[in-house]
Amino acid sequence: WAELWDDLAPLLERVRDTGETVAAKDRPFKIERHGYLEDVWFDISYSRVPDDAGGHGGVLCIVSETTQRVLGERKVRESGERFRQVFENAAVGMIEIDADWNILISNEAYREITGRSEDDLRGANCLSFTHPDDVSTGAEALQALAAGEIGHASFEKRYLRPSGDIVWVRDRASVAKIAP
């Protein structure tokens, strides 16, 4: 891969001249393969190899291609970003909660419904601003979901906004099944 020499020669010379090991994770390169230049990534490690007299005998090059992993991770990040945008811009209020019913993330519509900021909601118990008369309904539904007794819950309840206004909503909750 002569096309790499301008990039690799300085690294190899540094190892040869200083004895210093040069390593990089997921280092990008352009190589000619399959008849055209393509973007690839490698983990590289170049180490000096002494000769019998303790001088410079050569350079040990350990190279592992990581292209498929790098591209796979990029697709996962892009997919996550698309999901985040869809979630944030959904026309209905949405939240994700943890096993203790604390809000992990909320979207703009949910923040508008509750009259609270993202910072106010993050970490707050999802029932903490539910009208007191409706808390038991929400808690019962969440407990049944957590116990696996039902696949989803749908019920009406009221939110108390910081302004004192009351907002009626129809909640629909389900448990996300995430593969290990």
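The values are calculated or read from the model by the stated rules, or taken from the named source; none is laboratory data. Note that the structure is a prediction, hence the values are computed from the model and not measured. Positions of Cβ are generated from backbone atoms using ideal geometry, with glycine treated the same way; all protein chains shown enter the neighbour counts. Side chains are part of the model used for accessible areas, which takes the heavy atoms of the whole protein and leaves out ligands, DNA and RNA. Shrake-Rupley method; radii C 1.70, N 1.55, O 1.52, S 1.80 Å.
Restricting region 1-59 to residues that are assigned to a loop (DSSP other than H, G, I, E, B), of a type outside the set (Ser, Thr, Tyr) and open to solvent by 50 Å² or more (accessible area, probe 1.4 Å), the residue that is farthest from residue 71 (Cα to Cα) is 53. Just one residue in the set 29, 83, 87 is hydrophobic (A, V, I, L, M, F, W, C) and more than 30 Å from residue 170 (Cα to Cα); that residue is 29. Screening residue 64 against (1) at pLDDT below 95; (2) open to solvent by 50 Å² or more (accessible area, probe 1.4 Å) leaves a single unmet condition, (1).
Based on this model, can you work out whether residue 71 counts as under 16 Å from residue 4 (Cβ atoms) and aliphatic (A, V, I, L, M)? It would help to see each step written out before you state the result.
Numbers: under 16 Å from residue 4 (Cβ atoms): no; aliphatic (A, V, I, L, M): yes.
For residue 71, the condition - under 16 Å from residue 4 (Cβ atoms) and aliphatic (A, V, I, L, M) - is not met.
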